[in-house]
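Take a look at the structure below.
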Amino acid sequence: MISAIEKEIVALLQKSDKKAISLLYENYADALYGVIKKVITDEDTAQDVLQETFVKIWRYSKKYDSSKAKLFTWLYRIAYNTAIDKVRSLKNKNGKEVQIETSAVYKVSSGELNQDVLDIKKHLSSLDEKYQIVINALFFEGMTQQEASDELDIPLGTIKSRLKIGLRELKKIYNP
C-alpha cells in the first residue's frame, strides 16, 4: 500500500516541483544514508555520495515509474549504485600509478598477441548498432556501466543486457 506522503512525493517529482526534494530528504535521507554507509565507511565521502544521490534522484525524477518499483526501492537502487560507483572511482584513482620498473608493456612480442582479436572493431561493426554503442562506450571509451547509462540515456539494466548479448554475439564470431 502506498502512503499518502509517497503519493505526494511522486506527484511532485512528476511535475518537477522542488518541494519533492525537501520531502524526499525529510522522509528518506536517513535510510539512504544507511544504505550508503554499508558500502562507504568514510563519513565525508558518504555525505558526498548522499548529495550525489539526491542530485541523481532529481535528474531522473521523470523516469520514475511506480508500476515498476516502489519509491523506496527506486531510491535505494540509486543510492546503492552511486555508492558503488564512488568506491570504483576511488579505487581507479588510487590504482593509476604507473610503475615503469615492473612494466611489461614493451616486452610483448608479436607472437604473444592473439591475431584473431586484433580485428575486433571490424567484427564489432557486424553487430546491431545498439550493441555496438554499449560495447564501444564500455570497452573503448572506458566508461563504467553507470556512466554509459547516464551518458547514453539508457537504463542501467538495458546497458547490462545489451553488453551481455553483444558479447555473446562476438563470442559466436570468435568461437564458432
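The values are calculated or read from the model by the stated rules, or taken from the named source; none is laboratory data. Not measured: the values here are computed from a predicted model. No Cβ is skipped: glycine too gets one built from the backbone with ideal geometry, and neighbour counts run over all protein chains shown. In case anyone asks, the SASA skips ligands and DNA or RNA and just uses the protein heavy atoms, side chains included. Shrake-Rupley method; radii C 1.70, N 1.55, O 1.52, S 1.80 Å.
Can you pull out the residues in the stretch 51-81 that are among the polar types (S, T, N, Q) and free of Cβ contacts under 8 Å to residues at least 60 places away in the same chain? I'd like the intermediate steps shown before the answer.
Going residue by residue through the stretch 51-81, those that are among the polar types (S, T, N, Q) are 51, 53, 61, 66-67, 73, 81.
Hits for the stretch 51-81 are Q51, T53, S61, S67, T73.
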The correct count of residues that are surrounded by fewer than 17 Cβ atoms within 10 Å (Cβ to Cβ), at pLDDT below 85 and not aromatic (F, W, Y) in the stretch 153-176 is 5
Only residues that are of a type outside the set (A, V, I, L, M) and within 21 Å of the chain's Cα centre (by Cα): list them for the stretch 10-41, please. Y33, G34, K37, K38, T41
May I ask you to list the residues in the stretch 15-36 that are more than 14 Å from I78 (Cα to Cα) and open to solvent by less than 70 Å² (accessible area, probe 1.4 Å)? S16, D17, A20, I21, S22, L23
Any idea how many residues of the stretch 119-151 are within 11 Å of the chain's Cα centre (by Cα), modelled with pLDDT of 85 or more and surrounded by fewer than 16 Cβ atoms within 10 Å (Cβ to Cβ)? 0
Taking helices (runs of 4 or more DSSP H) that do not extend beyond the stretch 1-94, which have at least 1 residues that are closer than 21 Å to Q145 by Cβ? 19-39, 43-59, 71-94
